[in-house]
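Peer 1: First the structure, which I've put down as structure tokens, then a few questions once you've had a look.
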Amino acid sequence: MTLGGMIRRLRGAAQARVVYVMTSSWMDEIIKRIGDATGTRSEVIFYHCVSDPHSVLLLQAVKCLLERNGDLKIKLLLVDETTNQNLAGYATTQSEQFAWRIKDAKVLSELYKDDITGLPKGFDSVPSTQAIQLGNAIFIGKSIEYLDINSIEEFIHVNNLVLLNCVDELEAISQPGMSDESVQDILAANTAVLGRSGHYMSGMLQYGFDWFWGLDRLNYLEEQLRPTEIPRFNRTLDIKLAPVTSCRERTCPIKLFYSFRSPYSQIVLKPLFKLADHYGVNVEICPVLPLAMRGANIPLVKKLYIVRDTKRQARSLGQESYGFLNDPIGEPTRNALRIYIQARHCKKEREYLLSFSDHVYCRGFDANELSTLRSICAQAGFSLDETYLKDDNNWKSLVNKNLESLKSMGLWGVPSFCYGETHIWGQDRLFCLNQAIIRETCN
């Protein structure tokens, strides 16, 4: 082994160990104790953006949270809309991002319609700058230290007016005396607090050193606040499979847009295959390059959040072994794609993905080493043909074709799924796939 290879192996092993420690359950407990000792868990901080659909839904859910936890202190800090595409690690236009956010927030509105009022009818585009400015001024002008039920109800009403561009109504209830410059200064200061505290997105709750995004992660905060009770906002994880005896034959496949470097792609494999097998639906795997290898600048703060959040999600899915990972950025991902072509020829795509995930994300193996690649293939049920490692044409044309297909659906990240006319993004949207299959074949 060359000196460079030895250094890479040592660096990868050290990285895997660091990630494992960072995401371990005992580290979570230490972080909570530090939070208790420093007083950072004496309140929840809600970083809200009036134009963010997911943040608006979270505002409504916070009301439910207060109703169940009357003594909980929740401080609202108004932040700016994220306009720097690189900051969030996106690889598409701002308008496409917002279109997806509206669509996804509507899905969550329907899922939790018994708990929240959801997005207002008629909201289908970015609010005007004037409506956003007026909404921000009204929120800030309230000067409330901690949210209560009454103030939240007022804010929900104001926020609906913002989303619907009701400028006249907003002007009627706005308070004179606060300049646009003053409002912008407060937004900028709060956004800076968000960044210094360790995050980059609105619609976030911070409790101590833990972060909870939108409705999707609210269940984890509920578990911390009331550990003996079943969380109210956990329905994205509650997938109710329909009896197959009531379903017709299924011919439409599920297309999985997957990246070998995506932690979320790894933890979705087992539940996705379980769902597909239950209904007898074929899974068509469509690998793409990771965002970081497509020119997107993924900030360190996002990488750290994803590592901890994926481990948290993996635990919820019963995947305790996940987390001892060796980041396959660069050549390891290219190796994985080269061998994927062989796995496809062997009709072992599913087995290959599961084996790769087990080796690289659960046991910290380096996918740049030949011995690792051989072991991955053997566990998948075929022998590595090293000639595939010399071919860069087949996999490049495949991932480019898949990426264009992904973009045509208005999506950019992974894992994403396509089932007929249903196009969704995120490992926590399998319930949408389940609903689509039931609608298509079981009704």
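The values are calculated or read from the model by the stated rules, or taken from the named source; none is laboratory data. In this text the structure is predicted, and so the values were computed from the model without any measurement. Note that we place each Cβ from the backbone using ideal geometry, even for glycine, and neighbour counts take in every protein chain shown.
Peer 1: For region 189-213, name all the residues that are part of a loop (DSSP other than H, G, I, E, B) and either crowded, with 16+ Cβ neighbours inside 10 Å or free of Cβ contacts under 8 Å to residues at least 24 places away in the same chain (or both).
Peer 2: Scanning region 189-213 gives 199, 200, 201, 202, 203, 208, 209.
Peer 1: Quick one: is residue 307 more than 30 Å from residue 393 (Cα to Cα) and of a type in the set (A, V, I, L, M, F, W, C)?
Peer 2: For residue 307, the condition - more than 30 Å from residue 393 (Cα to Cα) and of a type in the set (A, V, I, L, M, F, W, C) - is met.
Every residue, every condition in (1) in the same structural domain as residue 323 (by the TED database); (2) acidic (Asp, Glu); (3) touching a His at 6+ places or on another chain (Cβ under 6 Å), yes or no:
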position: 210; (1), (2), (3): no, yes, no
position: 214; (1), (2), (3): no, no, yes
position: 219; (1), (2), (3): no, no, no
position: 230; (1), (2), (3): no, no, no
position: 233; (1), (2), (3): no, no, no
position: 239; (1), (2), (3): no, no, no
position: 244; (1), (2), (3): no, no, no
position: 259; (1), (2), (3): yes, no, no
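Peer 1: Pairs only if they're at least six apart or on different chains, beta carbon under 7 angstrom, first in region 95-109 and of a type in the set (Ser, Thr, Tyr), second part of a helix (DSSP H, G or I); list them, first residue then second.
Peer 2: Going by the 7 Å Cβ cut-off, the qualifying pairs are 109/57.
Peer 1: For region 358-412, name all the residues that are under 27 Å from the mean Cα position of the chain (by Cα), of a type in the set (Asp, Glu) and surrounded by fewer than 18 Cβ atoms within 10 Å (Cβ to Cβ).
Peer 2: 404
Peer 1: Just to be sure I understand the filter: pairs with C-beta atoms under 8 Å, separated by 6 or more residues or on different chains, first member in region 168-188 and farther than 16 Å from residue 49 by Cβ, second member of a type in the set (Phe, Trp, Tyr). Which pairs pass?
Peer 2: Going by the 8 Å Cβ cut-off, there are no qualifying pairs.
Peer 1: What number goes with the only condition from (1) part of a strand (DSSP E or B); (2) over 19 Å from residue 105 (Cβ atoms) that residue 241 does not pass?
Peer 2: Checking residue 241 against (1) part of a strand (DSSP E or B); (2) over 19 Å from residue 105 (Cβ atoms), the one that fails is (1).
Peer 1: Let me ask something additional. If a residue has to be under 24 Å from residue 340 (Cβ atoms), surrounded by 18 or more Cβ atoms within 10 Å (Cβ to Cβ) and touching a helix residue (DSSP H, G or I) at 6+ places or on another chain (Cβ under 9 Å) to count, how many in region 274-291 make the cut?
Peer 2: Residues meeting the conditions: 10.
Peer 1: Same structure, new question: Under 6 Å between Cβ atoms, which residue pairs at least 6 apart in sequence (or on different chains) link something in region 28-57 that is within 17 Å of residue 197 (Cβ to Cβ) with a partner that is at pLDDT 95 or above and among the charged types (D, E, K, R)?
Peer 2: Qualifying pairs under 6 Å: 43/73; 43/75; 45/75.
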